[in-house]
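> Sharing a structure below in structure tokens format, with a few things to ask.
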Amino acid sequence: MKLDHNKIADREIYLTRMQRSILDKMFFIDKVFEPFSCILDFGCANGGLIKALRGMCPEYRYAGYDIDRDMIAAAKENVPGVDFWSDWNDISLPFEDTLINISSTVHEVYSYGTDADVKEFWDRVFGSGFRYITIRDMMNSDAQDGPADSGMLARVRAGEFTSQLADFEQEWGTITTQKQLVHFLLKYRYTQNWEREVRENYFPLSAEKLLALVPDSYAVTFCERFTLPYTAWQLRKDFGIELRDHTHIKLILERK
């Protein structure tokens, strides 16, 4: 997958946003019980999650992978003594004894990769023999393909974020479905990197479609579909609406 370094206009803001969700991204650490020795953070950025996890659970060997070489350089500086790679084929870990963590990365693979890149991604995730696969990302429900909640949509259209709404609808079409509406509500405040964010596909596949991809060689040991609390709070503040749609998923897969 080719990386356009101009996609993230302000890296500091991007990394700050990621840092705020660090605790939630650790959701798996008290929910995996079969022995394993390594944790590989896929899409590790500057290594912030690894740094936090290593402080709590130093017994594991930690490693990170990211196709952005600048991020890898920052990660090496941020977390000395950890292996970081930007080339998948260079990774030297016993995958059968490794937990691969994929946080806020699935939607980026779909947004910026080709169909071949997406296939390669899932082949690597499901075909490498990892002991555990953990996923946390934005993910809609198939039920959101229905009509948009008219009351919510009216409040959004009457709100103060009309410029972002116009940009969104130019990119994604006039909002008619709940999926489109929730998609907008997840991104309208990310104005610092707006040119990138408005084009990024937050919902490339639903939770149902993700679960359908899981091969028989893995068992689903944990699955939580939820609304991000911060998002729900922000929407009450900005529009006076209550978002009851699931916006995210946390998933743990264990090799059988």
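Bear in mind that the values in this text are calculations on the coordinates, not laboratory data. Predicted model only: the values in this text are computed from it and were never measured. Quick reminder, even Gly has a Cβ in these numbers, built from the backbone with ideal geometry, and neighbours come from all protein chains shown.
> Assess whether Phe184 counts as being touching a strand residue (DSSP E or B) at 6+ places or on another chain (Cβ under 6 Å) and hydrophobic (A, V, I, L, M, F, W, C).
Against the criterion (touching a strand residue (DSSP E or B) at 6+ places or on another chain (Cβ under 6 Å) and hydrophobic (A, V, I, L, M, F, W, C)), Phe184 does not qualify.
Per-residue answers, yes or no, for (1) of a type outside the set (A, V, I, L, M); (2) under 16 Å from Ser111 (Cβ atoms); (3) surrounded by fewer than 17 Cβ atoms within 10 Å (Cβ to Cβ); (4) in contact with a Phe, Trp or Tyr (Cβ under 7 Å, 6 or more places away or on another chain):
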{"position": "Leu186", "(1), (2), (3), (4)": "no, yes, no, yes"}
{"position": "Phe222", "(1), (2), (3), (4)": "yes, no, yes, no"}
{"position": "Leu228", "(1), (2), (3), (4)": "no, no, yes, no"}
{"position": "Leu243", "(1), (2), (3), (4)": "no, no, no, no"}
{"position": "Thr247", "(1), (2), (3), (4)": "yes, no, no, no"}
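> Looking at region 189-205, is at least one residue free of Cβ contacts under 8 Å to residues at least 60 places away in the same chain and over 18 Å from the mean Cα position of the chain (by Cα)?
Within region 189-205, one or more residues are free of Cβ contacts under 8 Å to residues at least 60 places away in the same chain and over 18 Å from the mean Cα position of the chain (by Cα).
> Report the residue count in region 207-219 for those that are in contact with a strand residue (DSSP E or B) (Cβ under 8 Å, 6 or more places away or on another chain), surrounded by 12 or more Cβ atoms within 10 Å (Cβ to Cβ) and not hydroxyl-bearing (Ser, Thr, Tyr).
So the count comes out to 4.
> Spot the failing condition for Pro215; the list is (1) in contact (Cβ under 8 Å) with a residue 24 or more places away in the chain; (2) part of a helix (DSSP H, G or I), and only one is missed.
Against the list (1) in contact (Cβ under 8 Å) with a residue 24 or more places away in the chain; (2) part of a helix (DSSP H, G or I), Pro215 comes up short only on (2).
> Can I ask one more? Mind checking which residues of region 146-172 are of a type in the set (S, T, N, Q) and either surrounded by 17 or more Cβ atoms within 10 Å (Cβ to Cβ) or in contact (Cβ under 8 Å) with a residue 12 or more places away in the chain (or both)?
Correct list: Gln164 only.
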